[in-house]
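Asker: Have a look at this one.
The values are calculated or read from the model by the stated rules, or taken from the named source; none is laboratory data. On a predicted model such as this, the values are computed, not experimentally measured, just so you know. Note that we place each Cβ from the backbone using ideal geometry, even for glycine, and neighbour counts take in every protein chain shown. Heavy atoms of the whole protein, side chains included, go into the accessibility calculation; ligands, DNA and RNA do not. Shrake-Rupley method; radii C 1.70, N 1.55, O 1.52, S 1.80 Å.
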Amino acid sequence: MTKVLRIVVADDEPEIRDYFRRILPRFGYEVVGIAENGRELVDLCQQKQPDLVITDILMSELSGLDAIAEIRKTQHVPVIVVSSKDKPKSDSCGCVDEFLVKPIRSSDLQAAIARVQSAN
């Protein structure tokens, strides 16, 4: 029996959170937590111990990259970053496994998830 991939999502835009809440289960994945900001993302990851994190960069309280740096202190979890901006020049925390630019096509999302799964 194949283990279902457990995903935590973080984005400050309600429409984007809704998109992930709807689309990920269609691919056979389980959304175990949804955060509005980086602080909630850190807390959810500590509670839920997800197999994958999908996060925006620019969020209140704590950026996506800062949240991932914090999470990586205690657990190694693959990360897909989604942003309306271009990829940052430097990945200062070395924590981004995949990067997608919004708007996200479902085929690109599926491909990115498959790449992180095969790399881990």
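Asker: Would you work out which of Ile16, Ala69, Ser118 lies farthest towards the positive end of the dipole of the chain? Charges go on Cβ: Lys and Arg +1, Asp and Glu -1.
Answerer: Ser118
Asker: Another question about this same structure. Taking only DSSP H segments of four or more residues, each worth -39500 (n - 2.57), what value at 222 nm results for the chain once the sum is divided by all its residues, to the nearest 500 deg cm²/dmol? Provide the component values of the computation, followed by the final result.
Answerer: Working: 4 runs with 46 residues, N = 120.
Calculated at 222 nm, the ellipticity per residue is -12000 deg cm²/dmol.
Asker: Residues with amide H under 5 Å of Leu52's amide H, sequence separation 5 or more or different chain, H placed in the peptide plane at 1.01 Å from N; which?
Answerer: Under 5 Å from the amide H of Leu52: Arg6, Val8.
Asker: Could you report the chain's accessible area per residue, 1.4 Å probe, as an integer in Å²? Please report the intermediate quantities before stating the final value.
Answerer: On the way: 6460 Å² over 120 residues.
In whole numbers, the chain has 54 Å² accessible per residue.
Asker: Give a quick list of trypsin sites (Lys or Arg not before Pro) in segment 26-120 that DSSP marks as loop, anything other than H, G, I, E or B, with at most 11 other Cβ atoms within 10 Å. Numbers along the way, then the final one.
Answerer: Working: sites: Arg26, Arg39, Lys48, Arg72, Lys73, Lys85, Lys89, Arg105, Arg115; in loops: Arg72, Lys73, Lys85, Lys89, Arg105.
Filter output for segment 26-120: Lys73, Lys85, Lys89, Arg105.
Asker: So which aspartates and glutamates pass the test for Lys73, namely a Cα distance under 20 Å, with those fewer than 8 places away in the same chain ruled out?
Answerer: Those aspartates and glutamates meeting the cut-off are Glu40, Asp43, Asp51, Asp56, Glu61, Asp91, Asp97, Glu98.
Asker: Moving to a separate point now. State the percentage of accessible surface on the chain attributable to carbon and sulfur atoms; use a 1.4 Å probe and exclude ligands, DNA and RNA.
Answerer: On the way: 3050 of 6460 Å².
After summing per-atom areas, the C and S share lands at 47 percent.
Asker: What size of dipole, in debye to the nearest 20, comes out for the chain about its Cα centre when the only charges are +1 on Lys and Arg C-beta atoms and -1 on Asp and Glu C-beta atoms?
Answerer: Working: 16 positive and 19 negative charges, 89 e Å.
The dipole magnitude comes to about 420 debye.
Asker: Right, another one. What are the extents of the Cα atoms of the chain along their three principal axes, listed from largest to smallest and rounded to whole Å?
Answerer: 36, 30, 27
Asker: While we're on this one: Using 0.36 nm times the number of residues separating Arg105 and Arg26, minus their current alpha carbon distance, what extension gain do you get?
Answerer: 27.1 nm
Asker: Please sort by residue number the chymotrypsin sites (Phe, Trp or Tyr not before Pro) in segment 1-76 whose DSSP state is loop and whose Cβ has at most 13 other Cβ atoms within 10 Å. Present the calculation step by step, with values, prior to reporting the outcome.
Answerer: On the way: sites: Tyr19, Phe20, Phe27, Tyr29; in loops: Phe27, Tyr29.
Qualifying residues, ordered by number: Phe27.
Asker: For segment 34-77, list residues with backbone N below 14 Å from a point placed 7 Å from the Cα of Ala119 toward its Cβ?
Answerer: Residues passing the 14 Å test: 52-55, 77.
Asker: Using a Förster radius of 25 Å, what is the FRET efficiency between Lys73 and Glu15 based on their Cβ-Cβ separation? Nearest 0.05, please.
Answerer: On the way: r = 31 Å, r/R0 = 1.24.
After rounding, the FRET efficiency stands at 0.20.
Asker: Lysines near Lys85 by alpha-carbon distance under 23 Å, same-chain residues fewer than 8 away left out - which ones?
Answerer: Cα-Cα hits under 23 Å: Lys102.
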